[in-house]
Amino acid sequence: MTFTADASDLTARRPSIDGCVPRHVAIIMDGNGRWAKARGLPRTEGHRRGAEVIRRIVRRSIETGVEILTLFSFSSENWSRPATEVSYLLGLLRRFVRTDLANLHENGVRVRVIGERDGLASDIRALLEEAERLTCDNTALTLVVAFNYGSRQELVDAARKLAEDVAAGRLDSREIDSDAIAERLYTRDIPDPDLIIRTSGEQRLSNFLLWQAAYSEFYFEPALWPDYDKDAFDRALASYAKRDRRFGRVSSQAAT
Ligand code: IPE
Ligand code: IPE
Ligand code: MG
């Protein structure tokens, strides 16, 4: 499997979508289980097929000039699934890093992982650290893998760090502002997502990037994740290009 994008696109970093390309796209990859069930297959087969889709979307992100792609791959709440499914998902992450890391690196992808690392098996922690270390200087795309990620826990941890900094005298409580919170999140050096896509027709965040999504645009895609493809991704980017992001202001067209 290769991520090699069309060379002319890569050289020029020219978006192939009309209009404005979102700098940061985050995807809630949902519907693997339903995809498998509809075919009489085990849920794990849906996850296996879903992992293949990731390769296509990484490639398309590079081609279209998206700078950051965040993928929600395992939530803190997903531990409550059957043990066999959880261990399959952990195995899939191991396999993905082992088989795809060299290729991601060759294609200039920088890998970042967000989520709680403490509860993870030590071999997985080591693999994730290796992926981040190897690719840290790459610039074609930043691939942020949200694994064992839960936004409320991330905010709770940030609140605790603030409290500790105040108690230790490193921070005056009057200095606490939104930057002080953002700097204590996993995403401290990653800009907020411009566009959040969720597949499978569900229309909820499921504890994903609650703080960071304050002004994100949303795109709900009916296709199940294993059926998701480049054309569906392009449709989301095209929809984004038509949005009027106001951030609380009056639209630029209406300002006169
Ligand atoms: C998304 O697919 C993958 C993960 C949450 C790990 P699901 O497994 O949630 O699939 P559905 O929603 O049950 O169809
Ligand atoms: C969100 O999907 C988590 C991931 C895509 C990794 P879920 O399938 O876990 O979310 P709910 O349970 O439908 O809200
Ligand atoms: Mg789901």
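Bear in mind that the values in this text are calculations on the coordinates, not laboratory data. Since the structure is predicted, the reported quantities are computational estimates derived from the model, not experimental observations. Cβ placement follows ideal geometry from the backbone for every residue including glycine, while neighbour counts extend to all protein chains displayed.
Gaussian network model of the chain, Cα springs within a sub-10 Å range: biggest mean-square fluctuation belongs to which of ALA232, ALA167, ALA51?
ALA167
Could you give the dipole magnitude of region 140-182 about its Cα centre, charging the beta-carbon of Lys and Arg +1 and that of Asp and Glu -1, in debye to the nearest 20? Each step should come with its number before you reach the end.
On the way: 5 positive and 8 negative charges, 31 e Å.
Computed charge dipole of region 140-182: roughly 160 debye.
Work out the length of the dipole vector of the chain about its Cα centre, built from +1 on the beta-carbon of each Lys and Arg and -1 on the beta-carbon of each Asp and Glu, and round it to the nearest 20 debye.
On the way: 38 positive and 39 negative charges, 127 e Å.
Around 620 debye, computed over the chain.
Could the peptides 196-206, 36-46, 145-155 be put in order, highest first, of the mean number of other beta-carbon atoms found within 10 Å of their residues? Don't skip to the end; give the middle numbers.
Details: 196-206: 18.0, 36-46: 15.5, 145-155: 20.6.
Final packing ranking: 145-155, 196-206, 36-46.
Given charges of +1 on the Cβ of Lys and Arg and -1 on the Cβ of Asp and Glu, with all other atoms neutral, how large is the dipole of region 14-141 about its Cα centre, in debye to the nearest 20?
Values: 21 positive and 17 negative charges, 100 e Å.
With Lys and Arg at +1 and Asp and Glu at -1, about 480 debye.
What residues qualify as long-range amide H neighbours of GLU217, i.e. H under 5 Å apart, gap of 5 or more or another chain, H built at 1.01 Å from N?
LEU195, ILE196
What's the ranking of 57-64, 188-195 by average number of surrounding C-beta atoms within 10 Å, highest first? Could you put the intermediate results ahead of the total?
Working: 57-64: 22.8, 188-195: 17.4.
Result, highest mean Cβ count within 10 Å first: 57-64, 188-195.
Share of Cα-Cα pairs in region 52-110 beyond 16 Å, in percent? Could you put the intermediate results ahead of the total?
Details: 900 of 1711 pairs.
Tail of the P(r) past 16 Å holds 53 percent of the pairs.
Only helices at least 15 Å long along their own axis, judged from Cα atoms, and with Kyte-Doolittle mean hydropathy of 0.0 or greater: name those in the chain from DSSP H. Mind dumping the intermediate values first?
On the way: long enough: 43-64 (32 Å, -1.11); 83-106 (35 Å, 0.12); 122-135 (20 Å, -0.36); 151-167 (24 Å, -0.47); 230-241 (16 Å, -0.31).
Span-like helices, by this rule, are 83-106.
Within 10 Å, count the other beta carbons around each residue, average over each peptide in 98-106, 240-248, and list them highest first.
Values: 98-106: 15.2, 240-248: 11.4.
Per-residue mean Cβ counts within 10 Å order the peptides as 98-106, 240-248.
Amide H neighbours of VAL144 under 5 Å, at least 5 residues apart or on other chains, H built in the peptide plane: list them.
LEU69, THR70, LEU71, ARG112
Would you mind listing how long region 128-256 runs along its three principal axes, going by Cα atoms, in whole Å with the largest first?
Sorted largest first, the three principal extents are 52, 51, 31 Å.
With springs only between Cα atoms under 10 Å apart, run a GNM on the chain and tell me which of GLY108, GLY169, GLY33 wobbles the most.
Highest fluctuation among the options: GLY169.
Determine which lysines satisfy two conditions relative to LYS242: a Cα distance under 25 Å, and not lying fewer than 8 residues away in the same chain.
Here the lysines satisfying the reach criterion relative to LYS242 are LYS230.
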